[in-house]
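In what follows, a single structure is set out as structure tokens and then discussed.
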Amino acid sequence: MKTSLLAFALAAPLLTACATMPQAPALPASQEAFWDNLSSHCGNTYRGALASSDERDADFAGLAMLAHWAECSDTRIAIAFHVESGMANTMDDPIWDRSRTWVVTRTADGLRLKHDHRHEDGSEDVVTQYGGDTLSTGTARVQDFPVDAYSRLMFEREGLDVSLTNVWRMEVTPADAPGAMFAYQLTRRNDPTRLFRVEFDAGNPVDESPGAWGW
């Protein structure tokens with residue numbers, strides 16, 4: 001009897017933990033496939049570059065970029081986006097801006113994209129946690145995230161009215177697909193000329209796993 005009680009006592013916390021573990025919300029088939037494609041890159045880092053030519057993004061032109069799948073779970077994928085600053089330290093190595101992390105989560109209504117922006121000391125930027133939720137089921141390769149109400153209020157507060165119609169896009173193919181790719185894109189519904197797009201060679205992981213500031 002004592003042995004049985006001891007076994008139950010040891011097992012009880014495990015049972016409780018399993019019972020309270022959050023379950024991944026069910027997704028439409030196309031979003032489930034997109035999630036699987038995005039998850040297939042977990043733990044990898046890829047090199048990328050600016051792929052668009054909007055003059056408003058001239059500061060990004062020619063800079064090295066990295067996308068690092070820094071955190072993956074059944075409900076959340078965090079991708080750190082590192083951009084070479086264009087400057088070098090005393091060893092002639094590039095200095096990186098590691099302030100940006102893209103966070104994709106599963107919700108009861110689809111997929112959500114948020115932008116986690118932090119300073120070098122790990123503190124949050126005043127403009128952070130903005131993004132949006134999918135309004136359509138998208139495809140296994142492409143998902144769009146129109147700006148949400150929280151983000152619009154923050155943009156208005158910070159005088160960023162130009163961002164009130166933002167639509168963010170992620171494109172991804174499986175890690176084992178020929179010519180595997182990953183892309184992040186920004187457009188605006190009220191400005192057909194606006195295009196910011198970065199693309200990554202997701203078929204060739206690099207041996208780098210830098211942490212984003214604050215993560």
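The values are calculated or read from the model by the stated rules, or taken from the named source; none is laboratory data. Just so you know, these numbers come straight off a predicted model, no measurement behind them. Cβ: placed from backbone, ideal geometry, glycine included. Neighbour counts: every protein chain shown.
Among residues of segment 35-58 that are under 19 Å from residue 162 (Cβ atoms), those with a beta-carbon under 6 Å from a residue that is crowded, with 17+ Cβ neighbours inside 10 Å and of a type outside the set (Phe, Trp, Tyr) at least six positions away or on a different chain give the pairs 52/197. Is it fair to say residue 139 is in a loop (DSSP other than H, G, I, E, B) and farther than 17 Å from residue 47 by Cα? In short, yes. Checking 161, 144, 148 one by one, the residue that is modelled with pLDDT of 95 or more and under 14 Å from the mean Cα position of the chain (by Cα) is 144 and no other.
Restricted to segment 146-215, the set of strands (runs of 3 or more DSSP E) holding at least 1 residues that are surrounded by 13 or more Cβ atoms within 10 Å (Cβ to Cβ) and touching a Pro at 6+ places or on another chain (Cβ under 9 Å) comprises 166-172.
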